[in-house]
Amino acid sequence: VAVPRRYLDIVDLAVARGVDPGKYTQGLGAREMAVAEPGEDTVSLAATAATRALAGIDRSELGLLVVGTETGVDHSKPVASFVHGLLELPRAMRVYDTQHACYGGTAGLMTAIEWIASGAAGNRAALVICSDIARYGIHTAGEPTQGAGAIAMVIRRDPALLALDVGVTGASSTHVHDFWRPLGMREAQVDGHYSVECYLDAVATAYRGWTVQAIARGLIASPGCEQLARLCYHVPFCKMAKKAHLQVRRCDAEDDGIAFDEVAAAASFERQVAPSLPLCSRIGNVYTGSLYVGLAGLLDAQAGELADRRIGMFSYGSGCTSEFFSGVVSPRAAERIAEARLADVLAARERISIAEYERIMALT
Ligand code: HMG
């Protein structure tokens, strides 16, 4: 995980905007927001995360580098190409970016997984990076849901963190204008409330698609997300994960022909989803990386007790496409995630004032 060196306290932002802080802390579930300065672009964040992920790994094993991003630095040359050069990775490898809003990193992950599962990779491994700077601009409704960062993942046989259930996924795609960023614009355009509706519609279809596959493969006996030890969702802001989980529980109730119990669903959110959110609440939206920031935070907090247990994941990219998938936590996960030193990464940051944040926003 790599994050910018500076962050804003979300209460400072609420006070500066004349908004009741409860709207940002309780209403959106935010605590802090990463603020990237001009030198911290998508490339530098990606390269920093990749350097950390590759510590102790033989780079000559790599045969594929994919960067998922929607905030690249060039219309043609991919972020992956810069990272490949900066890290002096092997020449004999495929190197490219994948883009579909926040789903771009998952597209890279699925490509890497299926490349390995097909046998085409032989003994080679893949490096998949999600790197983005989420930016809506000051004085917008999206302002408290900005953020930035990168996540790098090594994808290989015999994984140390999580073994994905290859081929057991549910996808959902529709052509919608919920969020977009026209060429030449720095700030994303968004129809905020509609984007929430699109996300909720997508998670229902993708989750049901996964359920069908999971039953067919014998991973679960019948529909019901309680069979997953934890669920991680794409987290544009933390409250969205709660909305998503209630939607999944609503699907379960409908498919079981029973009434939706909101109190039980809220309790299930606390047990199954909340443990993945503290890290997200301190960084903000990382677009492609947001689901994986949640996953990293969950493993950092609970990998020991989750060993050999299955978790569900939902990736959403506006526009839109999405995928629900699952994987089993490795018994070595606690040891491996400790190497990411997440507490140190966050502790090294500096809290900045609103004036400094607005100065940086005017520069980038
Ligand atoms: P808004 O319209 O200003 O906020 O912006 P609101 O009025 O909807 O209030 C937000 C919540 O705070 C509500 O809770 C209020 O009740 C509550 P909810 O009804 O939703 O449960 N609230 C309070 N709570 C406690 N104390 C108070 C108080 N006041 C209000 N005093 C919006 C919200 C999300 C629309 C805005 O921030 C936005 O546009 N964000 C960007 C878009 C976004 O994040 N969309 C998410 C889905 S799309 C997605 O995830 C893809 C994305 O990551 C991009 C990609 O794929 O590349 C965005």
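One line per residue, one yes/no per condition, for (1) open to solvent by less than 20 Å² (accessible area, probe 1.4 Å); (2) over 16 Å from the mean Cα position of the chain (by Cα); (3) closer than 30 Å to residue 176 by Cα:
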residue	(1), (2), (3)
282	no, no, yes
286	yes, no, yes
298	yes, no, no
310	no, yes, no
324	yes, no, yes
333	yes, yes, no
338	no, yes, no
| Is it true that residue 142 is under 30 Å from residue 18 (Cβ atoms), at pLDDT 95 or above and touching a Phe, Trp or Tyr at 6+ places or on another chain (Cβ under 7 Å)? | yes
| request: Evaluate region 137-154: report whether one residue or more is within 10 Å of the ligand (Cβ to nearest atom), open to solvent by 20 Å² or more (accessible area, probe 1.4 Å), among the aliphatic types (A, V, I, L, M) and free of Cβ contacts under 8 Å to residues at least 60 places away in the same chain. | output: yes
| residue 84 passes all but one of (1) surrounded by fewer than 21 Cβ atoms within 10 Å (Cβ to Cβ); (2) touching a Leu at 6+ places or on another chain (Cβ under 9 Å); (3) without any contact (Cβ under 8 Å) to a residue 40 or more places away in the chain; which number fails? | (1)
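Quick one: which of 254, 197, 226 is surrounded by fewer than 16 Cβ atoms within 10 Å (Cβ to Cβ), in a helix (DSSP H, G or I) and either within 11 Å of the ligand (Cβ to nearest atom) or within 20 Å of the chain's Cα centre (by Cα) (or both)?
Among 254, 197, 226, only 197 is surrounded by fewer than 16 Cβ atoms within 10 Å (Cβ to Cβ), in a helix (DSSP H, G or I) and either within 11 Å of the ligand (Cβ to nearest atom) or within 20 Å of the chain's Cα centre (by Cα) (or both).
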| said: Go through (1) small (Gly, Ala, Ser); (2) farther than 27 Å from residue 40 by Cβ; (3) within 16 Å of the ligand (Cβ to nearest atom) for residue 241 and report which single condition fails. | reply: (2)
| remark: Out of (1) in a loop (DSSP other than H, G, I, E, B); (2) surrounded by fewer than 22 Cβ atoms within 10 Å (Cβ to Cβ); (3) within 15 Å of the ligand (Cβ to nearest atom), the one residue 92 does not meet is (3)
| Residue satisfying all of: in region 1-18; open to solvent by less than 40 Å² (accessible area, probe 1.4 Å) and not in a helix (DSSP H, G or I); farthest from residue 143 (Cα to Cα) among these | 1
| query | Condition test on residue 31, is it within 15 Å of the ligand (Cβ to nearest atom), basic (Lys, Arg) and open to solvent by 20 Å² or more (accessible area, probe 1.4 Å)? | reply | yes
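The values are calculated or read from the model by the stated rules, or taken from the named source; none is laboratory data. What you see is a predicted model; the values in this text were computed from it and never measured. Virtual Cβ from ideal backbone geometry, glycine too; neighbours counted across all protein chains shown. To get the accessible areas, we keep the full protein, side chains included, count just its heavy atoms, and leave off ligands, DNA and RNA. Shrake-Rupley method; radii C 1.70, N 1.55, O 1.52, S 1.80 Å.
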